[in-house]
């Protein structure tokens with residue numbers, strides 16, 4: 001990922017990393033078990049490479065404070081967001097772009 005970011009930035013293009021929402025924590029495959037480490041690594045890379053980060057994972061997980069179980073926003077009950085999940089993705093990314101615009 002770092003190598004790709006360096007190449008993109010060298011071409012004069014802004015980079016925004018986007019964390020993924022949590023997959024279904026009840027899935028027998030066990031994918032969700034390591035998800036926090038994946039998100040943590042993206043945060044570290046964003047900081048090291050000085051690129052923006054749209055943290056969909058954090059927003060996704062915070063939905064429980066609004067009375068919404070995060071996994072209830074999965075369309076296929078495994079790993080694909082439904083309408084509300086896609087809207088959340090868009091909101092987080094647009095907010096990140098707006099913050100980037102204000103900084104620049």
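List of remarks:
- Selected residue [at pLDDT below 95, closer than 20 Å to residue 84 by Cα and in a helix (DSSP H, G or I)] from 35, 60: 60
- Residues located in segment 63-104, provided they are in a strand (DSSP E or B) and over 15 Å from residue 26 (Cβ atoms): 81
- Residues (under 11 Å from the mean Cα position of the chain (by Cα) and either closer than 14 Å to residue 3 by Cα or part of a helix (DSSP H, G or I) (or both)) located in segment 41-55: 42, 43
- Here segment 1-32 is the region considered, the condition is being without any contact (Cβ under 8 Å) to a residue 40 or more places away in the chain and not in a loop (DSSP other than H, G, I, E, B), and the residue that is nearest to residue 77 (Cα to Cα) is 32.
- Restricting segment 56-91 to residues that are touching a residue at least 40 places away in the same chain (Cβ under 8 Å) and under 16 Å from residue 17 (Cα atoms) leaves a set whose member that is farthest from the chain's Cα centre (by Cα) is 88.
The values are calculated or read from the model by the stated rules, or taken from the named source; none is laboratory data. Only a predicted model underlies this, so the values are computations on that prediction, with no experimental measurement involved. Heads up, the Cβs are rebuilt from the backbone with ideal geometry, glycines too, and the neighbour counts pull from every protein chain shown.
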